[in-house]
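Shown next, in structure tokens, is the structure this report addresses.
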Amino acid sequence: MNFAKSIVILLFIIVGFNCRTMVVSTWAHPDSAKEFSKVRVLLGQGTEEEIFKTDATIEVLDANDLTIKKAYEILSINPTSLKAPIRLTANGSYIEYKGAKYRGEIQLKPLDGKVFIINVVPLEEYLFSVVPSEVPSSWPKEALKAQAVCARTYVVREMLARKKQVYDVDTTTNTQVYKGITKENKNTTHAVQDTAGLILVFKGSPIQSFFHSNSGGVTEDPINVWGNPVEYLASVRSDYDKEGDNYSWEDKLTGTQMNQFLSPLGLGEIQDLVVASRFNSSRVNEIDVIGTKASKRIKATELRKMIGAGKLKSTRFGIRRESDGTFFVKGLGSGHGVGLSQWGSYAMAKESVDYKDILSYYYKGIDFARMSQN
């Protein structure tokens with residue numbers, strides 16, 4: 001390690017950490033322990049034929065836990081004919097659905113003309129799959145533990161918010177990525193086990209533990225993304241992000257692509273896009289879209305949704321129209337930029353920064369709490 005980098009790390013430790021690195025409380029869920037012990041993950045909606053597999057026997061139970069049907073290894077069901085919820089259990093090691101193997105049980109719940117297919121799985125076992133689905137299992141141990149605590153806090157918060165709904169989370173980046181047993185890895189499983197029950201709280205409540213891939217050097221205040229200020233998610237420098245392979249990026253979009261992406265605006269053929277304003281983080285706030293029929297000023301977050309996160313990886317970007325009609329885009333970072341930067345966490349962990357100190361840096365003023373097991 002060179003001298004300059006040593007100074008950066010020392011300043012980071014002195015200035016960045018807020019000394020809240022101890023488990024200071026026990027957090028008890030307001031509902032019953034039985035309800036809270038399992039996560040309801042939406043896998044999809046039922047069609048006229050759904051196939052479930054296992055390595056032993058699948059049992060179909062009704063709402064009164066009475067056995068309706070048993071099948072060996074393969075079960076075919078028409079969920080659209082259901083009038084009441086059923087659940088599937090297996091005496092094997094998994095239930096397979098659409099090529100993915102899951103722990104726990106599968107519930108089929110008819111509601112408002114749809115049938116929701118839900119994996120009900122113990123919270124900690126849910127995290128066995130989520131953590132390696134969100135970050136590489138080869139990352140340093142402290143980064144994996146930081147991700148485990150983030151993921152646990154995130155799902156607990158969702159469970160509180162959605163307790164009257166059919167499910168808590170789905171399997172995508174809309175909540176947290178969840179790919180079942182085949183994604184599990186011993187490194188990330190150990191990270192989950194080493195932090196078992198540990199969550200992040202602020203003033204006694206689980207925080208919104210947002211995270212993203214790479215901040216491009218500075219995280220974003222959530223008021224600039226979603227319109228709501230959150231005290232513990234204040235913007236911080238994240239110079240460690242430079243270690244990430246997605247720290248900087250560039251792309252080109254043809255005029256035809258841009259016209260297609262922005263056609264809902266009704267501006268005609270797109271002639272240019274001009275940045276109108278930026279936030280203190282240097283992320284774009286508003287951008288003027290100039291067309292042959294009209295022009296319109298829109299939020300950069302709206303533009304990113306229209307173009308897609310694959311092309312516009314973050315809102316920290318610059319754009320210009322080339323002479324051949326293509327649009328050249330160059331930017332920093334990947335994701336919404338709020339909360340923990342996963343690549344920042346990775347680089348800190350490589351420098352032997354403890355996972356609690358990593359989390360205390362990205363989430364200001366938070367405390368650590370162990371969930372009650374009663």
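The values are calculated or read from the model by the stated rules, or taken from the named source; none is laboratory data. A quick note: this is a predicted structure, and the numbers were derived from the prediction, not measured. Here the Cβ is made from the backbone with ideal geometry for all residues, glycine too, and neighbour counts use every protein chain on show. Surface accessibility is based on the protein's heavy atoms, side chains included, excluding ligands, DNA and RNA. Shrake-Rupley method; radii C 1.70, N 1.55, O 1.52, S 1.80 Å.
Loop-resident trypsin sites (Lys or Arg not before Pro) (DSSP state other than H, G, I, E or B) in segment 174-283 with no more than 10 further Cβ atoms inside 10 Å of their Cβ: K203. When the C-alpha to C-alpha distance is required to be over 32 Å, the pairs from K141/K203; K53/K83; K299/K356; K69/K114 that qualify are K299/K356.
List the aspartates and glutamates whose Cα sits under 15 Å from the Cα of K330, skipping any in the same chain fewer than 8 residues away. Partners found: D245, E250, D251, E322. Between the labelled values (i) 167; (ii) 150; (iii) 140, the entry that holds volume of the Cα convex hull per residue in Å³ as derived from this structure is (i). Taking GluC sites (Glu not before Pro) in DSSP loop conformation with at most 12 other Cβ atoms inside 10 Å as exposed sites, the chain has its longest uninterrupted site-free stretch at 50-321. At a probe radius of 1.4 angstrom, the accessible area of segment 212-349 per residue rounds to 45 square angstrom. If I compute solvent accessible area with a 1.4 Å probe over the protein chains, what percent of it on the chain is carbon and sulfur? About 49 percent, which is the carbon plus sulfur part of the accessible surface.
Beyond 20 Å in Cα-Cα separation lie the following of the pairs K38/K70; K179/K313; K109/K164: K38/K70; K179/K313.
Ligands, DNA and RNA are left out, and with a 1.4 angstrom probe the accessible area of segment 41-85 is 60 Å² per residue.
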